[in-house]
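Have a look at the structure below, then the notes.
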Amino acid sequence: MLRGFLVLVVFFLLGEALRVMAGLPVSGGVLGMIMVTFTLMLRGKVSDELAEASRGLISVLVLLITPGVVGVFFIVDQFTGYWTTVVVALVVGTLLSVFTTLVLMKKAAGTAEDGGDHD
Amino acid sequence: MTETNALTVLTAGPMLSVALTLGAFIAAQWLFSRFRKPLWMPPVLIAAVLLAVVVAISGLGFDRYYNGAAWLTVLLGPTTVALGVPLYQQMHHIRALWKPIVMTLPLAATLAAVYALGIAWLMGATPLVLASLAPKSVTAPIAMGIAEQVGGSVSLTLGALLITGVLASLFVDWMARWLKIKDDRIIGFALGLNGHAIGTARAFEISPMAGAFASLGMGLTGVFTALILPLIWSLG
């Protein structure tokens, strides 16, 4: 568990280092995630320690994002003057984009599977 | 008098925020299953509402609460890295769907920004508001960077981002039901693409496969938007 956690933290630091050195606009966490995925693909296996640590952290992902979500209720004053615009744009925009993604994926996945998928 | 002193002592360290967050999280999980898992009220929203009420009426205040809770949120970095593990474990499913993913992603990720921008523009939003809304479907640390690059307000972006994440989690559940989509891979991908980390957290509640596809959707949308959006902005 601890060894797995260390691996994750080290990859996060590597991601941050890569971000700063290469001047990438992508976050260290996402770069670390990509690096972990490729490392595991190269190794062809994942250690129990790492799998356990990652499962543990992901199971509390909702807990970790909650403090940020609480902020939504305290930023109302920042939207003063244009909050109707922001709310309408977000609600309708998100509704449309969720619909588009689902329909596109369904169509594309349907065609891919009709085309014969032998994996 | 003694009460204010007690509050001062308790808020000196982060543990009050940590305890409140943990308590709200556990209470939310309990309430969620108690009310037979209502789609319109995911655990993250229940926990956030409970916390907002406590933080507001106890006099703790959001800033002090959030500073303390940073002891938890700092783990979001390594947790994002941890998403790479299920991504690897589900790689055979992702390989099987790589074509639809590659076909869908650029268009869907672009539209995720364009719809909201178009509506806001039609309603007469200022350039600052538009720039703040642009990275709304991107995971927080990336979105903050984009907002700065295109001249938006970071706090407005964070707000838009959080609202989008919660809305996307709700809308994907509803829409998938309405469109009769039962494929966890498609549902997960849509959650991650539109709802970043909040959508991904929701996807892991559905299944590990949905979670892996959400991680993929979140990561790809983040990278794609970070590279493309500042470019488009500089042209426009």
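The values are calculated or read from the model by the stated rules, or taken from the named source; none is laboratory data. These figures come from a predicted structure and were not determined experimentally. As a convention, Cβ positions derive from the backbone with ideal geometry for all residues, glycine included, and neighbour counts pool all protein chains shown. Side chains are part of the model used for accessible areas, which takes the heavy atoms of the whole protein and leaves out ligands, DNA and RNA. Shrake-Rupley method; radii C 1.70, N 1.55, O 1.52, S 1.80 Å.
The helices (runs of 4 or more DSSP H) found wholly in the range B:44-133 and carrying at least 3 residues that are free of Cβ contacts under 8 Å to residues at least 24 places away in the same chain occupy B:62-73, B:76-82, B:91-96, B:98-122.
Looking at the range A:56-64, is at least one residue open to solvent by 50 Å² or more (accessible area, probe 1.4 Å) and under 20 Å from the mean Cα position of the chain (by Cα)? Scanning the range A:56-64, I find at least one residue that is open to solvent by 50 Å² or more (accessible area, probe 1.4 Å) and under 20 Å from the mean Cα position of the chain (by Cα), so the answer is yes. Number of residues in the range B:7-31 that are within 13 Å of chain A (Cβ to nearest Cβ), of a type in the set (V, I, T) and touching a helix residue (DSSP H, G or I) at 6+ places or on another chain (Cβ under 7 Å): the value is 2. In the range B:1-40, the qualifying residues are those that are hydrophobic (A, V, I, L, M, F, W, C), modelled with pLDDT under 80 and part of a loop (DSSP other than H, G, I, E, B), and the one that is surrounded by the fewest Cβ atoms within 10 Å (Cβ to Cβ) is B:M1. Just so you know, in the range A:16-33 the residues that are touching a residue at least 12 places away in the same chain (Cβ under 8 Å) and under 13 Å from the mean Cα position of the chain (by Cα) include one that is farthest from the other protein chains (Cβ to nearest Cβ), and it is A:L31.
Taking the criterion of being facing chain B (nearest Cβ under 7 Å) and either of a type in the set (S, T, N, Q) or closer than 14 Å to B:T164 by Cβ (or both), the residues of the range A:80-91 that qualify are A:T85, A:V86, A:V88, A:A89, A:L90, A:V91.
On the basis of being within 7 Å of chain A (Cβ to nearest Cβ), closer than 22 Å to A:L57 by Cα, open to solvent by 40 Å² or more (accessible area, probe 1.4 Å) and not small (G, A, S), does B:P208 make the cut? No; evaluated as a whole, the condition is false for this residue.
Being buried (at least 18 other Cβ atoms within 10 Å of the Cβ), basic (K, R) and either at the interface with another protein chain (Cβ under 8 Å from one of its Cβ atoms) or in a loop (DSSP other than H, G, I, E, B) (or both), is that true of even one residue in the range A:92-110? Yes, that holds for at least one residue. Restricting attention to the range A:72-87 and to residues that are surrounded by fewer than 16 Cβ atoms within 10 Å (Cβ to Cβ) and of a type in the set (A, V, I, L, M), the residue that is modelled with the highest pLDDT turns out to be A:V87.
Quick one: is B:L191 more than 7 Å from chain A (Cβ to nearest Cβ) and modelled with pLDDT of 95 or more?
Values: more than 7 Å from chain A (Cβ to nearest Cβ): yes; modelled with pLDDT of 95 or more: yes.
Spelling it out, B:L191 is indeed more than 7 Å from chain A (Cβ to nearest Cβ) and modelled with pLDDT of 95 or more.
Say whether the condition of being within 23 Å of the chain's Cα centre (by Cα) and farther than 30 Å from A:T37 by Cα is met by at least one residue in the range B:78-95. Checking the range B:78-95: not a single residue is within 23 Å of the chain's Cα centre (by Cα) and farther than 30 Å from A:T37 by Cα. Residues in the range B:104-121 that are touching a Ser or Thr at 6+ places or on another chain (Cβ under 9 Å) and among the hydrophobic types (A, V, I, L, M, F, W, C): B:L105, B:L107, B:A108, B:A109, B:L111, B:A112, B:A113, B:V114, B:A116, B:I119, B:A120. Inspect all residues belonging to the range B:182-202 and state whether any of them is more than 23 Å from A:T66 (Cα to Cα), touching a Phe, Trp or Tyr at 6+ places or on another chain (Cβ under 9 Å), acidic (D, E) and not assigned by TED's automatic domain parsing to the domain that holds B:V49. Yes, the range B:182-202 contains a residue that is more than 23 Å from A:T66 (Cα to Cα), touching a Phe, Trp or Tyr at 6+ places or on another chain (Cβ under 9 Å), acidic (D, E) and not assigned by TED's automatic domain parsing to the domain that holds B:V49.
Checking each residue in the range B:144-164 for being more than 9 Å from chain A (Cβ to nearest Cβ), assigned to a helix (DSSP H, G or I) and either open to solvent by less than 10 Å² (accessible area, probe 1.4 Å) or at pLDDT 80 or above (or both) picks out B:A147, B:T157. Filter the range B:102-126 for residues that are more than 7 Å from chain A (Cβ to nearest Cβ), of a type in the set (A, V, I, L, M, F, W, C) and under 20 Å from the mean Cα position of the chain (by Cα) and give the result. Passing the criteria: B:L105, B:A109, B:A113, B:V114, B:L117.
Exactly one residue out of A:G115, A:G44 is modelled with pLDDT under 85 and either among the acidic types (D, E) or over 20 Å from the mean Cα position of the chain (by Cα) (or both), and it is A:G115.
Restricting attention to the range A:34-78, the residues that are more than 7 Å from chain B (Cβ to nearest Cβ), farther than 30 Å from B:S155 by Cβ and touching a Ser or Thr at 6+ places or on another chain (Cβ under 9 Å) add up to 0.
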